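J.: Structure below; questions to follow.
No value in this document is a laboratory result; all are computed from the given coordinates. Bear in mind the structure is a predicted one, so any value in this text is a computation, not a measurement. Reconstructed Cβ throughout: ideal geometry from the backbone, glycine too, with neighbour counts over all protein chains shown.
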Amino acid sequence: MTQRIDKALIAEQNAKLEGYVKQDYEALGNQLARQGINIDDITAKAELFQIAVPSWGTGTGGTRFARFPGIGEPRNIWEKLEDSAVINDLSQCTERVSPHFPWDKVDDFTELKGFSDELSLKWDSINSNTFQDQAGQEHSFKYGSLSNTSQESRDLAIAHNLECIEWGQALGSKTLTVWVGDGSNHPGQQHFQHAFERYLDSMKKIYAGLPKDWELHIEHKMFEPAFYSTIIQDWGSNILAAMELGPQAKSLVDLGHHAPNVNIEMIVSRLIQFKKLGGFHFNDSKYGDDDLDSGSLHPYQQFLIFNELVDAEYRNQEGFGPNYMLDQSHNVTDPIESLMNSAASVQRSYVAALLVDRPALTEYQTNNDALMASNTLKKAFTTDVSPILAMARLRKGGAIDPIATYRASGYRQAVAEKRPNSGGNGSGIV
Ligand code: PSV
Ligand code: MN
């Protein structure tokens, strides 16, 4: 039987905190009213906010060195969905799950869709995987997939992306995200232009198979697994490829995939301007693609990205509507807890960005008042919007305190009994 969090437990836990939340909400409401902001308008927007959970994020991650599996890890997509339902039941902002194929491949996609419907979950972008060989694979991806010098390997990679679209259609998804590990490890190993031409040629074949109401998201990454050059290493190559393919192709920004200190919010602005912002993979990082929990290290950067996104929403920017998703690796925490925390952290950045006084900011920018422009952003960022987030969850039937309620439910221990340790403690990055 599907393991769920009892609604009565959520209500019981909420009852302990509801009085305090209402007091804090009222106090914040008064504070915002002085700025001409109606708190209920902001809460209504917070209630609409959605960020997808990556199916692979529900398992414990690892590094190149080792992986230390947690108890009760999901062993297949059915169990990953079970965990995702718990995350959404408590957080009320993660109704979509993003699958990764062939990791999540099943024999019967209609059955899978039926199960996700039962759990009130929907499907986000489909992620293809041509960065590793599958058992018995005839033509290897060792030297690349969509840009491989071998036509046979390229054809295999193209065919896989096309089957991903088919499976996605069965699930009701509308986006294919392509991230490839193609690149080189030695200077001179690869002819940059020819490799990029082969990549574009393959992508054109995938684009041709895209249904009219779908988008193709291209994800760039600076390095890893290739350590010298990567075919789509930055947003420059990314947008070039997206422009070459056509309007249904857009760029996806994974926060961990840039060089240190890169101004990601400015990249976001550029992509918005040219109608090429497809979506995000949120995570945080200190050194590279660390896949730390979103907002755990650079909450101001996350807020500044949302400042651009809310600004685009505010200006009704044409062609704007990116997908939001988490993509992080939980090596030392319970993935369910990390995903709930991270979803709330991203939602917090969104809500705080809604508080920015945009007419005032425009005025300061026009008058070159750098200090006050910066203070306008800081004022919104430093406002503690926790009561809005808690109220949004409460109004939607979620948990005021998702982590405490989750811990009180004993869910992890309960599933641990049904899901014996997979024993998969070899290395592996997810
Ligand atoms: C690559 O590092 C990445 O960010 C891509 O989104 C992959 O699909 C995902 O991680 C899987 O591990
Ligand atoms: Mn990613």
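J.: Is there a quick way to get the dipole size of region 1-153? I mean about its Cα centre, with the Cβ of Lys and Arg at +1 and of Asp and Glu at -1; what is the value in debye to the nearest 20?
T.: Working: 15 positive and 24 negative charges, 106 e Å.
The calculated dipole for region 1-153 is roughly 500 debye.
J.: Normalising by the residue count of region 7-418, find the relative contact order in percent from Cα pairs under 8 Å and 6+ residues apart.
T.: Values: 717 pairs, mean separation 82.8, N = 412.
Rounded, it is 20 percent for region 7-418.
J.: Calculate the length of the line joining the C-alpha centroid of region 322-343 to that of region 204-242, in whole Å.
T.: 23 Å
J.: Show me the ranking of peptides 206-213, 252-259, 319-326 by mean Cβ neighbours inside 10 Å, starting with the highest. Let's see the in-between values first.
T.: Values: 206-213: 14.4, 252-259: 22.4, 319-326: 19.8.
Ranking the peptides 206-213, 252-259, 319-326 by packing returns 252-259, 319-326, 206-213.
J.: Shifting gears a bit: If the cut-off is a Cα-Cα distance under 15 Å, which aspartates and glutamates reach residue 142, setting aside same-chain residues fewer than 8 apart in sequence?
T.: Straight-line reach from residue 142, under 15 Å: 133, 152, 155, 182, 224.
J.: Now for a separate question. Using only the Cα atoms of region 91-194, construct the convex hull and provide its projected area averaged over every direction, in square nanometres to one decimal. Please list the in-between numbers first.
T.: Working: hull surface 33.8 nm².
Reported value for the Cα convex hull: 8.5 nm².
J.: Could you work out the equivalent-ellipsoid semi-axes for region 145-203, taking the square root of 5 times each eigenvalue of the Cα gyration tensor, largest first, in whole Å? Don't jump to the answer; show the numbers that get you there.
T.: On the way: eigenvalues 141, 24, 15 Å².
Ellipsoid half-lengths, sorted descending, are 27, 11, 9 Å.
J.: Taking 1 over the mean of 1/r across every pair of different Cα atoms in region 320-365, what Kirkwood radius in Å do you get?
T.: Details: mean 1/r = 0.0766 Å⁻¹.
Kirkwood radius, region 320-365: 13.1 Å.
J.: Now, a different point. Any chance you could tell me what percent of the C-alpha pair distances in region 319-430 go past 19 Å?
T.: In whole percent, the long-distance tail amounts to 65.
J.: Given charges of +1 on the Cβ of Lys and Arg and -1 on the Cβ of Asp and Glu, with all other atoms neutral, how large is the dipole of region 7-418 about its Cα centre, in debye to the nearest 20?
T.: Numbers: 37 positive and 55 negative charges, 102 e Å.
Dipole magnitude for region 7-418 comes out near 480 debye.
J.: How much mean residue ellipticity at 222 nm does the chain get from its helices, if each DSSP H run of length 4 or more adds -39500 (n - 2.57) and you divide by all residues, to the nearest 500 deg cm²/dmol? Write out the running numbers ahead of the final one.
T.: Working: 15 runs with 204 residues, N = 430.
So the helix-based figure for the chain works out to -15000 deg cm²/dmol.
J.: Where does region 1-115 land on the Kirkwood hydrodynamic radius, alpha-carbon pairs, in angstrom? List each step's numbers first, then the result.
T.: On the way: mean 1/r = 0.0574 Å⁻¹.
Computed over Cα pairs of region 1-115, the Kirkwood hydrodynamic radius comes out at 17.4 Å.
J.: Let me ask something else. Among 193, 233, 169, determine the one that fluctuates most according to a GNM of the chain built with springs between C-alpha atoms less than 10 Å apart.
T.: Of the options given, 193 has the highest mean-square fluctuation.
J.: Please report, in whole Å³, the volume per residue of the convex hull around the C-alpha atoms of region 7-418.
T.: Working: hull volume 60.9 nm³, N = 412.
Measuring per residue, one finds 148 Å³ for the Cα hull of region 7-418.
J.: Run the reach check for residue 16 against lysines, Cα to Cα strictly under 29 Å, same-chain hits fewer than 8 apart removed. What comes back?
T.: Within the straight-line limit of under 29 Å, residue 16 reaches these lysines: 7, 45, 396.
J.: Please name whichever of 300, 178, 37 sits farthest to the positive end of the charge dipole of the chain, dipole taken about the Cα centre and charges placed at Cβ: Lys and Arg +1, Asp and Glu -1.
T.: Of the listed residues, the answer is 37.
J.: Most mobile of 369, 83, 201 per a Gaussian network model of the chain (Cα springs, under 10 Å)?
T.: Highest fluctuation of the listed residues: 369.
J.: Arrange the peptides 161-168, 346-353, 39-46 so that the one whose residues have, on average, the most other Cβ atoms within 10 Å appears first. Could the numbers behind the result be given before it?
T.: Working: 161-168: 19.8, 346-353: 24.8, 39-46: 17.4.
With the highest mean Cβ count within 10 Å placed first, the list reads 346-353, 161-168, 39-46.
J.: What dipole magnitude, in Debye to the nearest 20, does region 122-181 give about its Cα centre under +1 on Lys/Arg Cβ and -1 on Asp/Glu Cβ? Spell out each step's value before the answer.
T.: Working: 4 positive and 7 negative charges, 47 e Å.
Result for region 122-181 is approximately 220 debye, rounded to the nearest 20.
J.: Counting only other residues whose beta carbon sits under 15 Å from that of residue 87, what net charge do I get with K and R as +1, D and E as -1?
T.: Here the count lands on -4.
J.: Can you bin every Cα-Cα distance in region 153-293 into 10 Å intervals starting at zero and give me the percent of pairs per bin, rounded to whole numbers?
T.: The percentages, shortest bin first, are 12, 40, 37, 11, 0.
J.: Could you list, in their original order, any pairs among 80/122; 204/250; 105/212; 204/276; 174/250; 105/174 whose Cα atoms are separated by more than 22 Å? Don't jump to the answer; show the numbers that get you there.
T.: Working: 80/122 13 Å; 204/250 13 Å; 105/212 24 Å; 204/276 17 Å; 174/250 13 Å; 105/174 17 Å.
As for pairs spanning more than 22 Å Cα to Cα, those are 105/212.
J.: Say R0 is 56 Å: what FRET efficiency, to the nearest 0.05, do residue 16 and residue 170 get from their beta-carbon distance? Provide the component values of the computation, followed by the final result.
T.: Values: r = 43 Å, r/R0 = 0.77.
Approximately 0.85, to the nearest 0.05.
J.: Residues of region 221-256 with amide nitrogen under 14 Å from the 7 Å Cα-to-Cβ point of residue 186?
T.: 227-229
J.: Between residue 6 and residue 262, with labels modelled 7 Å along Cα→Cβ, what's the label distance in nm to one decimal, could you check?
T.: Going by the 7 Å Cα→Cβ label model, 4.9 nm.
J.: Another one. Report the GluC sites (Glu not before Pro) located in region 183-275 that are in a DSSP loop and have at most 10 other Cβ atoms inside 10 Å of their Cβ, or state none.
T.: Values: sites: 197, 215, 219, 244, 265; in loops: none.
Those that pass, being in a loop and sparsely packed, number zero.
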